[in-house]
1. Can you list the residues, at least 5 places off or on another chain, whose amide H is less than 5 Å from the amide H of ILE188, using H built in the peptide plane?
2. Can you give the alpha-carbon Rg of region 303-367 over 2.2 N^0.38 Å, where N counts its residues?
3. Quick one: what are the phi-derived ³J(HN,Hα) couplings along region 253-265, Karplus 6.51/-1.76/1.60 with θ = phi - 60°, whole Hz, x for glycine and proline?
4. If you project the alpha carbons of the chain onto their three principal axes, what span does each projection cover, largest first, in Å?
5. Sort LEU199, LEU22 by heavy-atom solvent-accessible area, probe 1.4 angstrom, most to least.
6. Rounded to the nearest 10 degrees, what's the angle between the helix 299-312 long axis and the longest principal axis of the chain, both from Cα atoms, 0 to 90?
7. Go through region 224-237 residue by residue and turn each phi into a ³J(HN,Hα) via Karplus (6.51, -1.76, 1.60, θ = phi - 60°); whole Hz please, and just put x for glycine and proline.
8. Compute the long axis of helix 362-374 from its Cα atoms, compare it with the longest principal axis of the Cα atoms of the chain, and write down the angle in degrees, 0 to 90, nearest 10.
Amino acid sequence: MSQPSVLIVGGGAFGTSTAYHLSHRGYANVTILDRFAAPSKDAAATDLNKIVRYDYPNPLYTKLGLEAMSVWKDQNSLFRGMFRGTGWIMSAHEMTRDFLKAAYESGVKQKREGVKWMSIAETKSKWPEFTGSFDGWTNLWSPEAGWVPSGEALLRFASAAQANGVKYISGDAGFAKKLLFEADGACIGVLTANGQAHLADVVILSTGANTATLVDAKDEIVARSHCVGVIQLTPEECEKYKDIPIVDDFEQGILFPPDENGLLKICSCRFITNYYNSFTPGASIGHSHADYPEDGVPRQIEEEMRSFVRDIIPYLADRPWVSTRMCWDGDTKDVNFRVCPYPEGKNLYIATAGSGHGFKFMPIIGKYVVDMLEGTLSKEYADLWKWRFGQIPPKTGKEPHPWPQRDLGELDGWKGRNKRIIQGKL
C-alpha cells in the first residue's frame, strides 16, 4: 500500500524535521510550503545560535533532550561538528527559584553528573571574565549543555531532506494563504499567494507564530518574541571570552559565548506579543522580518538587555549593536508543543508551538510527529502535546519565564531601528 501524500506548511525546525523523517520512513510524496527558501527568514530557528540542553523539571522533555543531545554530539550524524559544549549557567531570582529547584531535583533523580549549585563567588572564580556583581542571582551549573549555530543547522537539515526527495516550494507559490476543505470538513490542501492550489492527502501545520492566520488557534498558540541583539567583539576580546559558558537568567536574558566570527548574542527572556497591527483580529502573530526588515528591538527591552549584561560583564554592556531582531515563536499556555490532530478538520494535523524551547529537539521531533500521524505515538507524549482548547493550566510555581508579557503596540523605538543602526544613529 502506497503512503499518503503529505503537505507541510512551514519550513522551520518542526516542519523540516517532520519532512526529513517522513522521507526516511518511506513517504515518497512530501512537500514543504514556505514563503522563504531555507532557512526560512521567519522561522524561530533561523538565528545565530540556540541552547541545546536537557535540564527539565518534566522527565518527558529530559528524555527527549537526552535523545536529541546524542544526535547533536554524534560525529557521524548529519549535524557533526555543530555542537559547542560550553556548559550552561541557569539563574533565578524571586519568581523562578522554584523552577530552578525543580530542574536541580530532576537532575539529582536522573544522576546527571556535574549539575550543582554554584555560589556567586565560585562563579566569578571559575570564570574571572564575569566581573559583574550578580546581585540577587541564584546559579545552577550544568556542564553538559551547549549551543548550536541554529540557522546553519536548519539549512543543513533542509538540504538533507531535499536530497532525500522532499520537495520545497518557496516564494508566492509557497506562501500559504488559506486551507482548502471539502464539504465533509476534510482538509485537501492549501491555496498559496500566487493563486495555486496545492493538494495532498495529509496537511500538517508547522507554522509557529503564524498558526492563527490559517486556523482558529488564537487561544491555543500565541506568537511571542524573544528580542535579540548581537555585538561584534575584537579578536582580542574573542580570545578573552571564548571559554565562558552560556548564562541564562530566566527573568532577564541569555548571553551566549562568541562564535567563530566574534559575534556575541544577547537574548531577552521577557516576552512580547503582537496583538498590535495583527492581520488576524484577536490573535497574536509574528512580525515578519521580510515585511519589516528595518524594524528591531523595542527601546525598553534594549535597556533591560543592557542591564542584564551589566550584571555579568559590565565592560560589554554599552556596546553598539551589529543588529537587533524580534525572534517570534508560537507559544502555548502550558509551554508544551502541539503535536496532534487539529480538532476541527479531517486530515489536518498540528506540529508546532516550540514555545521558546523547541529548537534543541529538531533532529528528532519529526520522528514523533510521524508516530502521531501513524497512530503509534506513546500515550504519555500524546497527552503532553494534545490540543487543549485554550485551557489555562493550573499555576505550579515552576514557570521558567514568568515575567509579565507586553505587547509590541505598548513599546517604542523598534520601528526602523535596524536602519538607524546601519546609518550609525544608534
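The values are calculated or read from the model by the stated rules, or taken from the named source; none is laboratory data. On a predicted model such as this, the values are computed, not experimentally measured, just so you know. We place every Cβ from the backbone using ideal geometry, glycine too, and count neighbours over all the protein chains shown. Remember, those area values only see protein heavy atoms, side chains included, never the ligands or the DNA or RNA. Shrake-Rupley method; radii C 1.70, N 1.55, O 1.52, S 1.80 Å.
1. LEU180, PHE181, GLU182
2. With N residues counted in region 303-367, Rg over 2.2 N^0.38 Å equals 1.69.
3. x, 10, 10, 9, x, x, 8, 5, 9, x, 8, 10, 9
4. For the chain, the Cα extents along the three principal axes come out at 65, 51, 42 Å.
5. Descending accessible area places them as LEU199, LEU22.
6. Roughly 50 degrees between the two axes.
7. For region 224-237, the Karplus-derived couplings read 9, 10, 7, 9, 10, x, 10, 10, 9, 9, 6, x, 5, 5 Hz, x marking Gly and Pro.
8. 30
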